[in-house]
Amino acid sequence: MADAEVAERLVAPPAAPVAAAGRAGTLAGELQAEATHALAQAGLQPAVTRPRRKINWLIVTGGVILALVLGLTLAAPMLAPYHPAEQRARERLQGPSRAHPMGTDRLGRDIYSRVLYGGQTSLSASSIALGVTLTIGVALGLLAGYAGGWVDGAIMRLVDVLLAFPSFILALIVAGLYGPGLLKVVLAATAVWWVSYARVTRSLVLQAKQEGYVQAARAAGARPLSIAVREVLPQILGPIVVLATLNLGRLILTLSGLSFLGMGAQPPTAEWGLMLSEGKAYFMEFQHMMVFPGLMIFVTVLGLTLLGEGLRDVLDPNGAAGRA
Amino acid sequence: MRPGASSRVDAGIGRRALGRAGVGAFGLLAGLGPRLTAAQAEVVEEELRMVTPRTFDGLDPTHGFSASRLRQVGAAEGLLRITRQGGIEPELASSYEMLDPTMWRVELRPDVTFWSGRPVDALAVVESLERARALVPFAATLLAGVQIERIDDRTLHFWSEQPIPSLPTTLAGEWLVIHNAESYGPEVNSFDLAAADLTGPFRITAFEPAVRVFLERNPTYWGVRPRTARIHLDVIPDPDARTLAALSGEAHLVQLVNPASARQIERSRTTRLVPIPADSIVSAYVNPERPQFSDVRVRQALAWAVDREELVALAHDGWSAPVPSWLGNDPNYPEARRVGYTRQDLARAAQLLDEAGWRLTAGSSVRAKDGVPLKFRLLWMLTYRPLAEVLQEQWRRIGADVEVQGSPDVAFLRARRAEGNWDAFLEGWGTFGDPAAVLSRHVGATGDINYGKLVDPVTEELLAGFVDLTDPEDRRQQALRINERHAELVPFIPLTQFLQLNAVSRRLRNYDPHFLPWVYEVHPDLWVSA
Amino acid sequence: MSALAPPALASAPGEPASGRDPRTALEVRDLTVAYPTPAGTVVALQGASFSLRRGETLALMGESGCGKSTLGRALLGLLAPPGRIERGTITLAGRRVERLSQREWQPLRGREISMLMQDPMLALNPVLPIGLQLSETVRDARGRVPPKREVRARGMALLRSVGFEDPDRVWRSYPFQLSGGMQQRAALAISLVNRPRVLVADEPTTALDVRVQAQVLDVIRKLQAELDLAVVLITHDVGVAAALATDVAVLYAGRLVELGPAQQVLATPTHPYTAGLLACLPSPSGGLPRPLGGHPPSLIEPPDRCPFIPRCARADATCQTNRFPALAKQRPGSWRRAITPSLTRSRRTRARRQRRRDP
Amino acid sequence: MLQYTARRLLITVPVLWAAFTLSFLLIRAAPGDPVDIMFGPQESGGGVEAVTKEQKDQRRRELGINQPLPVQYVAWFGRVLHGDIGTSFKSRRSVFVELQQRLPATLTLAAASFTIKVVVVVGLGILAAAKVGSIWDHLVRLFALVLIAMPSFWLGLLLLWLFAVHFQWVTVAGPATPQRVVLPAVTLGLVTAPTVMRVLRASLLAELGRAHVVFSRAKGLPEHLILWRHTLRLAMLPAVTLLGISLTYLMTGSVIIESVFSWPGVGKYVMDSIQARDYPVIQGFVLLATAITVFGNLLVDLAYGLLDPRIRLGTAGQT
């Protein structure tokens, strides 16, 4: 996935010069300072200064889209008119009709049903990948940030190496060498994707370590682990949630991309990327085979992106998730 | 007397009756139409562009599949060749005859030289065949006990202790390419263009392994001067990409396009579809060492459970035909079409499985025996994924849980097989050739395509019986007996005809598909009108 | 003698203001600037009026957030969005400019009115050499770019006149290669290269080292004389105001609370806020500065009353009930708005001392 | 600057070593023997070829894969240190030559898509930032959002269908001709553009909010000069970082695009090599990919120096 790959790199820290350039000047003009100052002087508390919060349309739109996709997917057994693997020789390669709202594929399977069930595969596989990635990444990031010293050094060197390694290629190598399959692809993705979380977590931990509440907890004699879990973790949750939401979209793109290449889901599993690759052979004749699965991926990722960006405004106003 | 030739005379016609009606018509038109009508005045395009899915392994005919790949593009020849009708005719030889059942005499054409200029004389042929015998194990099997003797510069004797009725078939076989053994050296030397020294209408001028090959008209070719000056061969493994290459007009001859895109090609104004009922069937090979398949009844049940008509319709988009028994696609054996699994019989399959102890339990759709579910993995390669998917569904109906895995790349399957890590896979093989040799390869105890290593005393006995049979009809009957035994034992499950679809530019003249398209494709008369 | 014309005498709308006095460089009448925000409209400047003639300096004083910078930016048409002029007029060299578009403003800036900003480090582009930043500014009388040689000559001359002995090196330097004082002088040269009539200097010395402040002020003074400049000096530093200003205007909560000749205002402030502002300064007599208690009020829907009441030690019932009055003429050339005009003697004395110490 | 670059270069050595080691372990731990895959009966209609065990062992000795892993590792690493990245098992040709043969196609695609990407990023990013809040800005942001969510292979197929099949404006198969590169390059350029575009817009807005922009306006500078001369340079820095990083992706990771458009680049070749367990090729490619990443970062550093004199003249390290 082009976009996923680049985005993956985006969460890498900018090289030192960027930071230098970024800090060289204050951003706000003095006038804005004056206006905001005036606002702040207005005797309004900061919380009240954000007046009746405007509805965050990003979250609402993203949420609605996702709820729809999720609803369709979860209700697949009720909504799908056919079993996703059911082959009907006489009904093969039909365009959209009343009996088959999205048409049928070369084996006479109902694309509508497969799209619905395909969501289960795509979403659950990406969610699992995300969960594992998140756990490993946050744990290692906490460890690196909190322990410091050689532990930090070792983890960060590993991160450096993995960052210098095109992640999609790594996934390809793993899937190629160990045989295709959704699980292997998920593992392969996990092997690379934890890096971004480790980085974000580590930088947030380093930041949090400087802050009063952690210093206080430490002074009070709390054990490092309990500080990490009780004090630091809740503080860094916001940016992580934002990053996770955005990454889920990218994971869906990556996994469906690998399936498209034949490395991921295997038949008869309905999976959007795999369906697209089946549609590829017929795309000149029967566009319906590639339009609908592609549309589903697109809409789902769009929903996740909208939601993630909406959440960023709320949970991560400083943009730590994108900066780390 | 020429046993091979006589037995295959009508093969072409018989074979065409097999496939769809249109298939044969296409083939004939392709072969005859343009040749008769094309005006000689038409301008010839200098370059013929060809696309093939298969890796072009190398330039040494003793390595990999190089022999057939080289022959296919007109860059190599044998002493004899197989005609379109399935007969045998001389190629580098000028004539051949049986002196007695244990001895054949072969006369060579005069004035034939390798690319290097070395004459193709009896000495060169002996060297070449001996080198093949030393380096290619199957060639060693074929030539077992055969002595090759140089009588004079243009005469050779082949003789053995035992009768060798199938020698012409052997010599015409794709693996015995005549090459300059001196130039290649004692070891396999696949990639050195300088060492390559062969014969044929075209000679290779540039070679990028697995990518492309350039050929030019061979100025010293002994036959008619090729009308095309150059051939550009691209290797494109992805079937959809090959279709695009054909439709865009970039290539004049595209081998093995996806049946899925057949309709698109048929509608094209610049390209036509040429179905070639190749001498090959796709079968599901099962691993008898796996507990699921050790019982013959399970294998039989799986064979009965296949709806081959549906397989043809769904997986091949209709471009194929059902094959009920192993020799059922071979026009030499019309009787074999009535043997074996001529229809789907789910009741019988279920009964066989029940008898074998694989039973359905309440609440489960998967059969089990001693608590172990009937579960296996079916591997696919090339364009066989839909085939695997349909089989998966058909076998699901009798309570088998089939997992499907694969890749268009043949290496995927090779790897699994090399590891011994396979339950079942799909592969296609031809049956053309001397029955004793072909059959022992597939079902003999030491046969290299006997993947499951299923050793059956009855089959062994039948195979051994070939030694005493010199009459072609007797050998045919013996082959049919082995075929029947095969249908009972089911070491692999015959499924469908392997029908090769080629996309051919309408400007390509004299394209005349051979039933062995992976051996004979390019010939001197082939040309593209500008 | 004062440059400050009473608003009552200001021209009627539409009438060229400078028709009366050709020396008048800038005239502001009843200027009101507001920022619409989600929380309400912030009135950053309310009804400010003054005028300024060439060669004179008006010091705008007040705490931060009182509208000084807003006024300064408004004079150049550079209000940051969403700020806008709600009411009033600005007359620059005889031309009404308060409603000009950015496109119309562009040729006026740099040639009629220019600006010197607080932090030269930020005001100068960090990645372009001084010479380029100077030369790209140069325009001839018709707004065209003069020949390269002429541009360079003008730039070099100006660099020399802002006190650089090695203008060639400065020309090639990047801002980060110069000290703060040098940067500010370079910025001054850039601002003045097209010989504007008016210079808005927004806290020109605040970001600088104390030692170079005087140097920069000297250069400003020198060039003011050379170019016959009118200077609007925004500052919260009484010392700076005293050093440069001919007149002083004190802003509080977006309103002019005191306006008059520098000497008078600084010596005898009439509004309590002015007095309080002066009291904030450290005194050489050893008295600790007395910070003003509290904060400026909200500027959202400001009240009619005196905005200083919540912090004013001497506010009384009159203040609470009466509208904040229009500027009242206290002495010739000076208008003050305090309802309670008299100040205690001690404060007045301190203010006087202050002036003496810091001429 | 020099020091900084030197340090970056120095770091790349362990990174390259680690990438090599990681891929070595990964590849060797995988099941499948390259010689077994190389020899053995093949697909339908294949020739006859049963290679004896002795022949296979001989081949393994030739390839040097009969020895214990640590020995192989040391030998291999030693060769790499001498600049020899090995010989393909399959073609018995130098991996370097093999990759070199496919690189032109990949480079063509990378260069074309990079150009398209830069045009899209700079054009739309500036449009959005310069007209912030306008309908143009909203359209650009919507466009970016759509592209972020767009699976590259889907976009590729849609474009292919639209322009190659429906309108028949471009050909899509055959050798890597300039005309054929259009669609894959557009696809690749578009799907990789939005992140950079957004970054450029944001940083341009940040730059336009700086004090020196106000000062430039105050001194009467025309807006176009402010945009192009005064703000774009620094605003480009984060975008340049991303562009540099994406260079790696464009050159090594376009497997999917290559597959959709059957572009004969490196990606496809490597996928085939993975299947064939052609160890030297896989490893050579990993080294190449890592080296390109490093090279991309270096380019970014150099671009920084060009764009920001503070870095070039050595005041960057302090902040």
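The values are calculated or read from the model by the stated rules, or taken from the named source; none is laboratory data. Note that this is a predicted model, so its numbers are computed, not measured. So basically every Cβ, Gly included, is an ideal-geometry build from the backbone, and we count neighbours across all protein chains shown. Heavy atoms of the whole protein, side chains included, go into the accessibility calculation; ligands, DNA and RNA do not. Shrake-Rupley method; radii C 1.70, N 1.55, O 1.52, S 1.80 Å.
Work out the charge dipole of the stretch D:105-275 with +1 on the Cβ of Lys and Arg and -1 on the Cβ of Asp and Glu about the Cα centre, then indicate which of D:202, D:120, D:184 is farthest towards its positive end.
D:202
Testing the spin-label approximation: label points 7 Å from Cα along Cα→Cβ at residue D:228 and residue B:157. State their distance in nm.
9.3 nm
For residue C:248, what accessible surface area do you get with a 1.4 Å probe? Give it in Å², rounded to 10.
0 Å²
Quick one, could you list the DSSP H helices from chain D stretching 20 Å or more along their long axis (Cα atoms) with average Kyte-Doolittle hydropathy of 1.0 or above?
D:2-29, D:95-130, D:135-149, D:182-208, D:232-252, D:279-307
With just the Cα atoms of the stretch D:232-319, tell me how far they stretch along each of the three principal axes, in Å, largest first.
Result, largest extent first: 52, 27, 16 Å.
Enumerate the aspartates and glutamates that residue C:148 could reach by cross-link, defined here as Cα to Cα under 16 Å, with residues fewer than 8 away along the same chain left out.
Reachable aspartates and glutamates: C:136, C:140, C:168.
Give the ranking of C:103, B:49 by solvent-accessible surface, highest area first, calculated with a 1.4 Å probe.
Reading off the accessible areas and sorting them downward yields C:103, B:49.
Hey, for a label at residue D:146 modelled as a point 7 Å past Cα toward Cβ, could you say which residues of the stretch D:202-246 have their backbone N under 14 Å away?
none
Counting only complete DSSP H runs, which helices of chain B cover 18 Å or more along their long axis at the Cα atoms and score a mean Kyte-Doolittle of -0.5 or above?
Span-like helices, by this rule, are B:21-37, B:122-135.
Under 1.5 on a/c is rounded, so check that first for the stretch B:278-499, then, if it is not, pick prolate when a/b is larger than b/c and oblate when it is not; a ≥ b ≥ c are the square roots of the alpha carbon gyration tensor eigenvalues.
Since a/c reaches 1.5 and a/b is larger than b/c, the shape of the stretch B:278-499 is classed as prolate.
Could you work out, residue by residue across B:134-141, how many beta carbons of other chains sit within 10 Å of that residue's beta carbon, and then give the average as an integer?
3
Could you check the simple spin-label distance between residue A:235 and residue B:488, using points 7 Å along Cα→Cβ, in nm with one decimal?
8.2 nm
Using the Kirkwood radius over C-alpha pairs as Rh, can you work out the diffusion coefficient of chain D via Stokes-Einstein at 25 °C, viscosity 0.890 mPa s, in µm² per second?
D, rounded to a whole number, is 108 µm²/s.
For the stretch A:57-112 and the stretch D:178-204, what is the separation of their Cα centres, given in Å?
32 Å
Taking H as built 1.01 Å from N, whose amide H comes closer than 5 Å to the amide H of residue B:493, not counting residues under 5 places away?
B:284, B:285, B:286
Find how many whole Å separate the alpha carbon centroid of the stretch B:397-436 from the alpha carbon centroid of the stretch C:228-275.
Value for the Cα centre distance between the two parts: 95 Å.
The stretch D:105-275: Rg/Rh from Cα coordinates, Kirkwood Rh?
Rounded to two decimals, Rg/Rh equals 1.07.
Count, for each residue of D:97-104, the Cβ atoms from other chains sitting within 10 Å of its Cβ, then give me the mean as a whole number.
1
Counting DSSP beta bridges with both partners in the stretch B:278-499, what percentage is antiparallel, nearest 5?
In the stretch B:278-499, approximately 65 percent of DSSP beta bridges are antiparallel ones.
Taking H placed 1.01 Å from N in the peptide plane, check which residues at least 5 places from residue B:501 or on another chain put their amide H under 5 Å from its amide H.
Excluding prolines and chain starts, which carry no amide H, the hits are B:256, B:257, B:276.
Do any of B:453/D:268; A:280/B:369; A:184/A:280 go past 29 Å between their Cα atoms, and which?
Pairs exceeding the cut-off: B:453/D:268; A:280/B:369.
For the stretch C:15-138, what is the charge dipole size about the Cα centre, in debye to the nearest 20, if Lys and Arg each add +1 at the Cβ and Asp and Glu each add -1 at the Cβ?
260 debye
Below 11 angstrom from the Cβ of residue B:418, what's the summed charge of the other residues (Lys, Arg +1; Asp, Glu -1)?
Computed value for this residue: +2.
Dividing the alpha-carbon Rg of chain B by 2.2 N^0.38 Å yields what?
0.98
What distance in nm separates the simple spin-label points at residue B:375 and residue A:60, each placed 7 Å from Cα in the Cβ direction?
Between residue B:375 and residue A:60, the simple spin-label model gives 4.9 nm.
Among the aspartates and glutamates, which fall within straight-line cross-link reach of residue C:68, defined as a Cα-Cα distance under 13 Å, with same-chain neighbours fewer than 8 residues apart omitted?
Correct list for residue C:68: A:30, A:34, C:202, C:203, C:237.
Counting only residues 5 or more places away or on other chains, whose amide H sits under 5 Å from the amide H of residue B:87 once H atoms are built in the peptide plane?
Distant-sequence amide H within range of residue B:87: zero hits.
For chains A and D, what's the summed buried accessible area, probe 1.4 Å, to the nearest 100 square angstrom?
Summing both sides, the interface buries roughly 5400 Å².
Label 7 Å along Cα→Cβ of residue A:83; the stretch B:381-395 residues with amide nitrogen under 11 Å?
B:393-395
If R₀ is 22 angstrom, what is the calculated FRET efficiency for the pair residue D:28 and residue D:81, using the beta carbon separation as r and rounding to 0.05?
Plugging the Cβ-Cβ distance into 1/(1 + (r/R0)^6) gives 0.70.
Can you list the residues of the stretch B:127-167 with backbone N under 18 Å from a point 7 Å past the Cα of residue B:468, pointing along Cα to Cβ?
B:162-165
Taking beta carbons within 10 Å but only from partner chains, what does the mean come to for residues B:394-405?
Average neighbour count from other chains, rounded to a whole number: 2.
Among C:199, C:184, C:174, whose Cα lies farthest out toward the positive end of the dipole of the stretch C:161-203, if unit charges sit on the beta carbon of Lys, Arg (+1) and Asp, Glu (-1)?
Of the listed residues, the answer is C:199.
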